[in-house]
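The values are calculated or read from the model by the stated rules, or taken from the named source; none is laboratory data. All values reported here derive from a predicted model rather than from experimental measurement. A quick note on method: Cβ atoms are made from the backbone with ideal geometry, for glycine too, and the neighbour counts reach across all protein chains shown. To get the accessible areas, we keep the full protein, side chains included, count just its heavy atoms, and leave off ligands, DNA and RNA. Shrake-Rupley method; radii C 1.70, N 1.55, O 1.52, S 1.80 Å.
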Amino acid sequence: QVQLVESGGGLVQPGGSLRLSCAASGIIFRLAAMGWYRQAPGKQRELVAAITSGGNTNYADSVKGRFTISRDNARNTVDLQMNSLKPEDTAVYYCQCRPAFTTQAYWGQGTQVTVSP
């Protein structure tokens, strides 16, 4: 079965950095599109960044220039480097996988990111 395990969340001060990582199993990772989403209390889940199997990326306007998504097909991981963090980045961050040849999407369990003085 498909499993996505996130790690790297935590508490950081404004202006700080965090790196999230998502390890995937149960899929042909190199053919999957991967993404990071977040959900703040009382808000809908939103796309933060995504990367295709070919390495093309897209970002939410609110994180452009601060966050970078990357993938390592040898390790079956997708990372989200978050710099210049702001309090409004506080949320639970979820890894999403869209395997090739299916419309199914899979989610990780989420990791909390809190940006606070």
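Of the solvent-accessible surface of region 30-117, computed with a 1.4 Å probe over protein heavy atoms with every protein chain present, carbon and sulfur atoms account for 47 percent. With the cut-off at under 20 Å, measuring from each backbone N in region 19-49 to a point 7 Å along the Cα-to-Cβ line of Asn58 picks out 31-39, 44-49.
Solvent-accessible surface of the chain, averaged per residue with a 1.4 angstrom probe and all protein chains in place: 53 square angstrom. Farthest towards the positive end of the charge dipole of the chain, among the residues Ser70, Thr52, Trp36, is the Cα of Thr52, using unit charges on the Cβ of Lys, Arg, Asp and Glu. Peptides 47-60, 75-88 ranked from most to least packed give 75-88, 47-60, packing being the mean of other C-beta atoms within 10 angstrom over each peptide's residues.
Remark: region 88-100, residue by residue, has Karplus-estimated 3J(HN,Hα) of 6, 7, 4, 4, 8, 9, 10, 8, 10, 10, 10, x, 5 Hz, where x stands for each Gly or Pro and the curve is 6.51 cos²θ - 1.76 cosθ + 1.60 at θ = phi - 60°. Considering the chain, its Cα convex hull presents a mean projected area of 6.9 nm². Kindly write out, for region 74-85 in residue order, the coupling ³J(HN,Hα) from the Karplus curve 6.51 cos²θ - 1.76 cosθ + 1.60 (θ = phi - 60°), rounded to whole Hz, with x marking Gly and Pro. Working through the residues one at a time gives 6, 9, 6, 10, 10, 10, 10, 8, 10, 10, 6, 5 Hz.
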